[in-house]
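One structure is given here, and the rest of the page talks about it.
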Amino acid sequence: MKKISAPLLEWYSMYKRDLPWRRTKDPYLIWLSEIILQQTRVAQGTEYYLRFAKTFPTPSSLASATEDEVLKLWQGLGYYSRARNLHAAAKSMKGKFPRTYEGVRALKGVGDYTAAAICSIAYNMPYAVVDGNVYRVLSRVFGIDTPIDSNDGKKQFSALAQTQLDKKNASEYNQAIMDFGATVCTPQCPQCKGCPLAKQCVARRKNRTEELPVKEKKTKLSTRYFHYIYVEQGNCIYLHKRGGGDIWQNLYELPLFETSTEKRPKVAWLKGAELTPMGTLKHVLSHQIIYGTIYKVKLPHSAKLPTEFIKIKKGDLKKYAIPRLVQKLLEKIKTEI
């Protein structure tokens, strides 16, 4: 089979998307875009990229920020470990972004794909990217059944991707194949008609586009029930900062009580005060389904809450980074955030 680089580069020259991180060769800004776009659609990630690039235009500016500032700017993107890793990596740079593959790969939160993307796009280094889009294009064009989430599959696709790379135009080629997978060779209903790779595509010839790529593992989802209490005490409310070992590390939330069922929790420190349910939402994460319910309660000034809760003025809530679920629940009681 012919290499796919030539037709992809020709296609890319005509149809590439105009994205803000493609208007720069600054490796720091390209790194920002790659971290933001992990697990995030381009349409959503663009706004966050522009916000981060404006607020933290250099590695030093990001490194000097507080973690709370970084998390607040990240709020709503999910997978918050990306933001914490971003912050830690910026601190490790000491003001200068690495200029070698090894240096980029060593940054916290950077794996093989991200390192290849940054080094090829910013420095035109000959490292082929392998992300979800690339897996899909290669598995269909070459008719590969090896599961992409297996060790054998990862090795096979990585080696194949490297053989297809146009080493003189690594930057353009890697962006071309990712764009192609995102806009033409899509997961459902790929645009096979007029596809520049149609003649050599095994999946199209054998009518297997819906079957490829293959995955061997299915994600098991656990179910959790979160009960949040919006405690009003005059002009103040209460928050709690989440710790490590669970989702949403170091983000703030309302006082939380987790149960194994939908049943309303019993809260000793409320001392009989009436809990008014204000709404319930289903929130789906990669490995969890969370049913979040928000309650509203008013307490007198004399009431004391456990010391683990932080008392703040209602108007200051917007200063704190909170999970998307909490944000959506707060909207149910029309709270400014």
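Looking only at segment 121-169, which residues are among the aliphatic types (A, V, I, L, M), within 22 Å of R205 (Cα to Cα) and part of a helix (DSSP H, G or I)?
The answer is V134, V137, L138, V141, L160, A161.
State all residues of segment 227-242 that are under 26 Å from Y79 (Cβ atoms) and either within 20 Å of the chain's Cα centre (by Cα) or of a type in the set (D, E, K, R) (or both); if no residue qualifies, say none.
Answer for segment 227-242, where residues must be under 26 Å from Y79 (Cβ atoms) and either within 20 Å of the chain's Cα centre (by Cα) or of a type in the set (D, E, K, R) (or both): K241, R242.
Might you let me know whether segment 31-52 holds any residue that is more than 23 Å from C119 (Cβ to Cβ), of a type in the set (G, A, S) and loosely packed, with under 15 Cβ neighbours inside 10 Å? Steps first, please.
Filtering segment 31-52 for residues more than 23 Å from C119 (Cβ to Cβ) gives 41, 43-44, 47, 50-51.
With of a type in the set (G, A, S) added as a condition, the list becomes 43.
Still in the list and also loosely packed, with under 15 Cβ neighbours inside 10 Å: 43.
Scanning segment 31-52 turns up at least one residue that is more than 23 Å from C119 (Cβ to Cβ), of a type in the set (G, A, S) and loosely packed, with under 15 Cβ neighbours inside 10 Å.
So which residues in segment 73-88 are more than 16 Å from Q44 (Cα to Cα) and touching a residue at least 40 places away in the same chain (Cβ under 8 Å)?
Taking segment 73-88 and keeping what is more than 16 Å from Q44 (Cα to Cα), we get 81, 84-88.
Those that are more than 16 Å from Q44 (Cα to Cα) and touching a residue at least 40 places away in the same chain (Cβ under 8 Å): S81, R84, N85, L86.
For K206, are the conditions met, namely being free of Cβ contacts under 8 Å to residues at least 12 places away in the same chain and not β-branched (V, I, T)? Before you say what the answer is, go through the steps one by one.
Working: free of Cβ contacts under 8 Å to residues at least 12 places away in the same chain: no; not β-branched (V, I, T): yes.
Criteria not met by K206.
Evaluate segment 10-29: report whether one residue or more is of a type in the set (D, E), modelled with pLDDT of 95 or more and closer than 26 Å to D246 by Cβ.
No, every residue in segment 10-29 fails to be of a type in the set (D, E), modelled with pLDDT of 95 or more and closer than 26 Å to D246 by Cβ.
Go through the residues of segment 272-282 one by one and say whether even a single one is free of Cβ contacts under 8 Å to residues at least 24 places away in the same chain, polar (S, T, N, Q), surrounded by fewer than 17 Cβ atoms within 10 Å (Cβ to Cβ) and part of a strand (DSSP E or B). Show your work before the answer.
Within segment 272-282, the subset free of Cβ contacts under 8 Å to residues at least 24 places away in the same chain is 272, 274, 276-277, 280, 282.
From what's left, polar (S, T, N, Q): 276, 280.
If we keep only those that are surrounded by fewer than 17 Cβ atoms within 10 Å (Cβ to Cβ) too, we end up with 276, 280.
Applying the additional criterion that residues be part of a strand (DSSP E or B) yields 276, 280.
Checked segment 272-282: at least one residue is free of Cβ contacts under 8 Å to residues at least 24 places away in the same chain, polar (S, T, N, Q), surrounded by fewer than 17 Cβ atoms within 10 Å (Cβ to Cβ) and part of a strand (DSSP E or B).
Considering only residues of segment 299-323 that are without any contact (Cβ under 8 Å) to a residue 12 or more places away in the chain and in a loop (DSSP other than H, G, I, E, B), which is farthest from E67 (Cα to Cα)?
Narrowing segment 299-323 to residues without any contact (Cβ under 8 Å) to a residue 12 or more places away in the chain: 302, 307, 316.
Next cut, in a loop (DSSP other than H, G, I, E, B) only: 302, 307.
Details: S302: 34, T307: 23 Å.
Among those residues, the one meeting the criterion is S302.
Filter segment 324-337 for residues that are basic (K, R) and part of a loop (DSSP other than H, G, I, E, B); which is modelled with the lowest pLDDT?
If we filter segment 324-337 for residues that are basic (K, R), which is where we start, we get 324, 328, 332, 334.
This time we only want the ones that are part of a loop (DSSP other than H, G, I, E, B), so: 332, 334.
Numbers: K332: 87, K334: 72.
So, considering only residues that are basic (K, R) and part of a loop (DSSP other than H, G, I, E, B), the one modelled with the lowest pLDDT is K334.
Conditions tested, residue by residue: (1) within 12 Å of I229 (Cα to Cα); (2) in contact with a Gly (Cβ under 7 Å, 6 or more places away or on another chain); (3) basic (K, R).
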{"site": "L281", "(1), (2), (3)": "no, yes, no"}
{"site": "L285", "(1), (2), (3)": "no, no, no"}
{"site": "Y320", "(1), (2), (3)": "no, no, no"}
{"site": "L329", "(1), (2), (3)": "yes, yes, no"}
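Just the residues that are crowded, with 18+ Cβ neighbours inside 10 Å and either more than 24 Å from the chain's Cα centre (by Cα) or in contact (Cβ under 8 Å) with a residue 40 or more places away in the chain (or both), please, taken from segment 127-137. Spell out how you get there, then give the answer.
First, the residues of segment 127-137 that are crowded, with 18+ Cβ neighbours inside 10 Å: 127-131, 133-137.
Y127, A128, V129, D131, N133, V134, Y135, R136, V137, listed by residue number.
Looking only at residues that are farther than 21 Å from K332 by Cβ and of a type in the set (A, V, I, L, M, F, W, C) in segment 210-246, which one is surrounded by the fewest Cβ atoms within 10 Å (Cβ to Cβ)?
Taking the candidates together, the pick is L221.
All but one of (1) assigned to a strand (DSSP E or B); (2) among the hydroxyl-bearing types (S, T, Y); (3) in contact with a Pro (Cβ under 8 Å, 6 or more places away or on another chain) hold for T209; state the number of the condition that does not hold.
Among (1) assigned to a strand (DSSP E or B); (2) among the hydroxyl-bearing types (S, T, Y); (3) in contact with a Pro (Cβ under 8 Å, 6 or more places away or on another chain), T209 violates only (1).
What's the number of the only condition in (1) more than 30 Å from K296 (Cβ to Cβ); (2) in contact (Cβ under 8 Å) with a residue 60 or more places away in the chain that A161 fails to meet?
A161 satisfies every listed condition except (2).
Specify which of the listed residues (L29, L8, L50) is touching a Pro at 6+ places or on another chain (Cβ under 9 Å), over 30 Å from L330 (Cα atoms), part of a helix (DSSP H, G or I) and free of Cβ contacts under 8 Å to residues at least 60 places away in the same chain.
Values: L8 fails: free of Cβ contacts under 8 Å to residues at least 60 places away in the same chain; L50 fails: over 30 Å from L330 (Cα atoms).
Just one listed residue meets the conditions, L29.
Given L197, L254, L212, which one is under 30 Å from N85 (Cβ atoms) and at pLDDT 95 or above? Step through it out loud before you land on a result.
Numbers: L197 fails: under 30 Å from N85 (Cβ atoms); L212 fails: under 30 Å from N85 (Cβ atoms).
Just one listed residue meets the conditions, L254.
The values are calculated or read from the model by the stated rules, or taken from the named source; none is laboratory data. If you're wondering where the values come from, they're calculated on a predicted model, not measured in any experiment. So basically every Cβ, Gly included, is an ideal-geometry build from the backbone, and we count neighbours across all protein chains shown.
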